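The values are calculated or read from the model by the stated rules, or taken from the named source; none is laboratory data. The shown structure was predicted, so the numbers you read here are calculated from the model rather than taken from an experiment. Neighbour counts are summed over all protein chains in view; Cβ atoms, including those assigned to glycine, are modelled from backbone coordinates with ideal geometry.
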Amino acid sequence: MKKILIVALMAFMGSYAYSQTVAFTSPNAESQKMLDSVKYILPEFSAGMVIFENGEQSNGAVNINTIDQKVHFIDPNGKILVLSNNEQVSRVFIKGRSFINSRYGYIEVYETAGDTFMGELRKVGFISESKTGAFGSKSQTTAIQTVNSVQTSGGYMVDFEKQKNSPYTYKKIPYLCRKGMFQTVTKKTLQKCFPDKKEAIDKYIEENDINLNHVDDVRKLFKALSK
């Protein structure tokens, strides 16, 4: 049984190399194990620094939740809590990794070139979010204290202990940011970031079979254009 489970998980992980969106419409034990592994960006809470828009800083054991796109932290009593003023966060640094708070969610910075950078947004979404179901119900509150559950963008509460029947998607989306403006990656947005390399963009995409929806491909392209 253990051997079968390991093979299934390896096959699932392999799909990430070819697809940036993984959907589970019929959840099973393996998919729920995977949900547990991707509901936070980092595998564990780690020492980090949260920088706010006003320049103030806060330090502690933190992580970023891919469902509610908020910073979670561990308090002195060992409880996982949600940062109450998340909308005022500018950046988060965790174990040498940098994340910028955008209107889309937390984007990890990978490559920079002048006033432009490319990064990745990781996001879990629940397919049945428009209905009440096994994973939660509509909530009128916005403040969550202890994290046994989180609130999705659709206003539904997701209970981490009641996810056995929760269809979901996990997305890894590449983004470009130029002068503070975040955009998804297309030839047009790449040309805006590198206006003097329009021909080089077309040539590199064609010769290297680049998929602009795949983070690794975009990262390779960005590195080539930055030289």
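Points to keep in mind about this one:
- Among the residues of region 98-117, those identified as surrounded by 15 or more Cβ atoms within 10 Å (Cβ to Cβ), of a type outside the set (Gly, Ala, Ser) and within 16 Å of the chain's Cα centre (by Cα) are Phe99, Ile100, Asn101, Tyr106, Ile107, Glu108, Val109, Tyr110.
- Only one of Phe45, Phe52 that is free of Cβ contacts under 8 Å to residues at least 40 places away in the same chain and out of contact with any His (no Cβ under 9 Å at 6 or more places or on another chain): Phe52
- Just one of the listed residues (Leu121, Leu221, Leu212) is at pLDDT 90 or above and either assigned to a helix (DSSP H, G or I) or of a type in the set (Phe, Trp, Tyr) (or both), and it is Leu221.
- Qualifying positions in region 188-211 - surrounded by 13 or more Cβ atoms within 10 Å (Cβ to Cβ), more than 19 Å from Thr112 (Cβ to Cβ) and touching a residue at least 12 places away in the same chain (Cβ under 8 Å): Asp202, Ile205
The rows are residues; the columns are (1) at pLDDT 95 or above; (2) part of a helix (DSSP H, G or I); (3) under 14 Å from the mean Cα position of the chain (by Cα).
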site	(1), (2), (3)
Ser37	no, yes, yes
Ala47	yes, no, no
Val50	yes, no, no
Val62	yes, no, no
Asn77	no, no, no
Phe93	yes, no, no
